[in-house]
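The values are calculated or read from the model by the stated rules, or taken from the named source; none is laboratory data. Everything numeric here is computed off the predicted structure, so don't read it as measured data. Glycine gets a Cβ as well: all are built from the backbone with ideal geometry, and neighbour counts include every protein chain shown.
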Amino acid sequence: MKYKSILFIATLFCFQLLHAQESRTLTLQEAVTLSLKNSHQLKTNEAKILEATAKVKEAEEKKLPDASISGSYLYLPVKANINLKSGSGNGGGPSINQAIYGIANVSLPIYNGGKINYGIQSSKFLEQAVKLDAENDKETVTLNIISACINLYKAYQAIELVKENLRQSQQRVKDLSNMEKNGLLARNDLLKAELQSSNIELSLLDAESNYKIACVNMNIMMGLPEQTVLIPDKSGLALPTSVKNLEDYEQDALQNRKDIDAISFRKKSADINLKSIKADKYPSLALTGGYIAADVPKFLTVYNAVNIGLGIKYNIASLWKNKSKIQQAAANITQITEAENMLTDNIRLQVNQAYQAYVVSTMKIKVYEKAQQQATENYRIVKNKFDNTLATTTELLDADVALLQSKLSVTNAKADSFVAYNKLLQVTGTLKY
């Protein structure tokens, strides 16, 4: 009895502690919204999108002219030997010990085999791929929070069922205690009932511990204070009334999966990269312009020396050095193509696994509901028999345990089926909240 009192006090303390903390009712939609807002993974993806967008701008900026300015001041500690072909040597020439000059150059690309346009297209394709990766991760994060929310709901429901069972058990102990005092029940049978009540209290402590951990996990995912007590609202946890067949889900996956689209854009980028490498065999042409100013005291002064022209560059070595680069780019395209085929096969498998898991989960619900009906009827019969001294205390307690377990099984089966259905939506790319 002393051990039982300690357990009761500990349970009461935990209950009071829960109520002393901040609590809030949580719907599934609220959980998803907060988690998406505070997800570190999604914030990282936002940074990756900004990086990819910046790379597109960088590629577009290569169309703009290049401009540079340079200047120098030179000091000559030794008198320079100047020999002008139109005059005499330095014997009677000026004494030069310093010089200043400045140069400004501008170059505007006109033609380079299309490499600039190829670079822009490639960057845009990669930008789209990164955005699609972010969408795919968003669905994964959504499924994770749904699973966490369901775990919270299961833990909360377990507490409610165990508490109800504990109240019934404590009332049973009181009734049996009165019977034992009146000589209608053996002391050993009363001890069995008290032991079961103590075990239920231990189960309640475990259930509350699981609930607290589930709350902390949810709070971390949603960016809430860790000690916030969450009360799940089951209004958004209804199971679908109808589902499509497996073939339809496979078609949905092939049409809607963001990772398929992402790898398709990466393949397009690789194709463009191959074209860009092949473009190295063409010369590049640019419009050039410049300005020069120089001042050599006592000798030379130049201002407003403006020039404009065309510059051409041709890397002849590209004719024999580009072969390996082309082979690498072609091999990269092959790798991406095979990765795309592997992804398609894997998606078909994922859809089949998720579909079968959901079908089995719905069948389990029916089995567990039937088992609960049987356990309820069994408990009623055993209770009637016990009241008429036709059943033992052990049989009554076993029937009570079986009934509690059946209720928990039904609750968990429905919750697991909800997760299985959302998993099916996630692998088909149609999970939206």
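Points worth noting:
- Note on segment 197-237: residues that are part of a loop (DSSP other than H, G, I, E, B) and of a type in the set (G, A, S) amount to 1.
- In the set T362, T376, only one residue is out of contact with any Gly (no Cβ under 6 Å at 6 or more places or on another chain), in a helix (DSSP H, G or I) and crowded, with 16+ Cβ neighbours inside 10 Å; that residue is T362.
- All positions within segment 23-74 that are among the polar types (S, T, N, Q) and in a loop (DSSP other than H, G, I, E, B): T27, S39
- Residues being assigned to a loop (DSSP other than H, G, I, E, B) and either at pLDDT below 65 or of a type outside the set (S, T, N, Q) (or both) - total across segment 81-108: 13
- A Cβ distance below 6 Å, combined with a sequence gap of six or more or placement on separate chains, defines the contacts here; from segment 251-266, residues that are in contact (Cβ under 8 Å) with a residue 12 or more places away in the chain reach residues that are buried (at least 18 other Cβ atoms within 10 Å of the Cβ) and of a type in the set (S, T, Y) in the pairs D252/T428; A253/T428.
The rows are residues; the columns are (1) exposed (fewer than 11 other Cβ atoms within 10 Å of the Cβ); (2) closer than 21 Å to A214 by Cβ; (3) modelled with pLDDT under 50.
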| residue | (1), (2), (3) |
| --- | --- |
| M1 | yes, no, yes |
| I9 | yes, no, no |
| E22 | yes, yes, no |
| Q29 | no, yes, no |
| K37 | no, yes, no |
| L42 | no, no, no |
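- For segment 158-185, the set of residues classified as exposed (fewer than 14 other Cβ atoms within 10 Å of the Cβ) and in a loop (DSSP other than H, G, I, E, B) consists of N182, G183, L184, listed by residue number.
- Test: D271 is closer than 20 Å to I110 by Cβ, of a type outside the set (K, R) and in a helix (DSSP H, G or I): no
- For segment 385-421, a residue qualifies if it is more than 20 Å from D233 (Cβ to Cβ), of a type in the set (V, I, T) and touching a residue at least 24 places away in the same chain (Cβ under 8 Å), and the qualifying residues are T392, T393, T394, V401.
- Checked against the criterion of being touching a residue at least 24 places away in the same chain (Cβ under 8 Å) and of a type in the set (D, E), segment 321-343 has at least one qualifying residue.
- Some residue of segment 252-267 being crowded, with 16+ Cβ neighbours inside 10 Å and in a loop (DSSP other than H, G, I, E, B): yes
- Residues satisfying the criterion are absent from segment 304-318 (criterion: more than 30 Å from A67 (Cα to Cα), over 25 Å from the mean Cα position of the chain (by Cα) and not charged (D, E, K, R)).
- Residue identified as under 38 Å from the mean Cα position of the chain (by Cα), under 30 Å from D189 (Cβ atoms) and at pLDDT 95 or above among S361, S409: S409
- Top-ranked residue in segment 205-226 [being small (G, A, S) and over 10 Å from N151 (Cβ atoms); ranked as nearest to the chain's Cα centre (by Cα)]: G223
- Qualifying residue in segment 415-433 (condition: buried (at least 18 other Cβ atoms within 10 Å of the Cβ), in a helix (DSSP H, G or I), at pLDDT 95 or above and hydroxyl-bearing (S, T, Y)): yes
- Among the residues listed as L343, L349, L319, L390, the single one being exposed (fewer than 13 other Cβ atoms within 10 Å of the Cβ), at pLDDT 95 or above and hydrophobic (A, V, I, L, M, F, W, C): L349
- Residue match in segment 395-404 (condition: surrounded by fewer than 21 Cβ atoms within 10 Å (Cβ to Cβ) and either outside any helix (DSSP H, G or I) or on the phi > 0 side of the Ramachandran plot (or both)): no
- Filter result for K364 (of a type in the set (K, R), within 24 Å of Y421 (Cβ to Cβ) and in contact (Cβ under 8 Å) with a residue 40 or more places away in the chain): yes
- Counting only residues that are more than 30 Å from N136 (Cα to Cα) and not in a loop (DSSP other than H, G, I, E, B), segment 317-354 holds 10 of them.
- Restricting A270, A305, A330 to those that are surrounded by 11 or more Cβ atoms within 10 Å (Cβ to Cβ), farther than 26 Å from G113 by Cα and of a type in the set (G, A, S) reduces the list to A305.
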